[in-house]
Amino acid sequence: MASIRFGKFVLPGQRLGVVEEYLPGSGVKALKSGHLIATFAGYAEFDARNHVVSVRPIRSVRKPAVGDTVLAMVREIQEKVIWSDILTIVGSKLTTSYSGALLRKGQGLDYVPGDLYLAKVVDDLNGIYTLSVEGKELGLVQAFCDLCGRPLTLKLNHLECRECRRAYRKKISVHYQRQDWLKSVPLETWAMRGS
Ligand SMILES: [Zn+2]
């Protein structure tokens, strides 16, 4: 039996019970009257075993960690490193973006600024995350033409710009241009690209 029950969404000041029932946990304050109230908006969490009520913030903020799969956007290309912004952790949320470094080792890593790719975090050097695109799931989910900037279309075994009729061989993910990934990209990312 689950001893923790996740309750409804609560607002600051909302009553969550009385001190005879629960101890106030994180995000909860006991009033002199004995009532327990939420101190910020979030989801009430009732721990029946330990008799504690707390409020979980709406957004659980977390940094990337080694082993996470992340969605990243290419920012700048250097000789050995593709500097990127980590936009989201897959299955979680980020409130700010972090820097990721994808080493330009191996085939098909001629990515261009604005390209979106899935990667695994393999190292954390003081907040700069080393990324890897090894594996079928990882690699580009949306790439753009070097020449005209248009989105590249997936053909049988390569990418193509319909406008320039140019073919590209790049390391892509099996999720290339799948809507579910692109929907998780913040809107401002697209605004940055101009259209
Ligand atoms: Zn083109």
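The values are calculated or read from the model by the stated rules, or taken from the named source; none is laboratory data. Here the structure is a predicted model, which is why all the values come from computation and not from measurement. A quick note on method: Cβ atoms are made from the backbone with ideal geometry, for glycine too, and the neighbour counts reach across all protein chains shown.
If a residue must be over 24 Å from the mean Cα position of the chain (by Cα), near the ligand (Cβ under 10 Å from one of its atoms) and either assigned to a strand (DSSP E or B) or touching a residue at least 60 places away in the same chain (Cβ under 8 Å) (or both), how many such residues does the stretch 140-170 contain?
Looking only at that region, the number is 4.
Among the residues of the stretch 31-77, which ones are among the aliphatic types (A, V, I, L, M) and within 17 Å of the chain's Cα centre (by Cα)? Don't jump to the end; show me each part of the working.
Narrowing the stretch 31-77 to residues among the aliphatic types (A, V, I, L, M): 31, 36-38, 41, 44, 48, 52-53, 55, 58, 61, 65-66, 70-74, 77.
Within the stretch 31-77, Ile58, Val61, Ala65, Val66, Val70, Leu71, Ala72, Met73, Val74 meet the criteria.
Is at least one residue of the stretch 67-77 surrounded by fewer than 13 Cβ atoms within 10 Å (Cβ to Cβ) and at pLDDT 90 or above? Walk me through how you get there before you give the answer.
Our first condition is that a residue be surrounded by fewer than 13 Cβ atoms within 10 Å (Cβ to Cβ); within the stretch 67-77, this holds for 67, 76.
Subset that is at pLDDT 90 or above: 67, 76.
Among the residues of the stretch 67-77, at least one is surrounded by fewer than 13 Cβ atoms within 10 Å (Cβ to Cβ) and at pLDDT 90 or above, which makes the answer yes.
Given the structure, is Arg193 at pLDDT below 90 and more than 15 Å from the ligand (Cβ to nearest atom)?
No: the conditions fail for Arg193.
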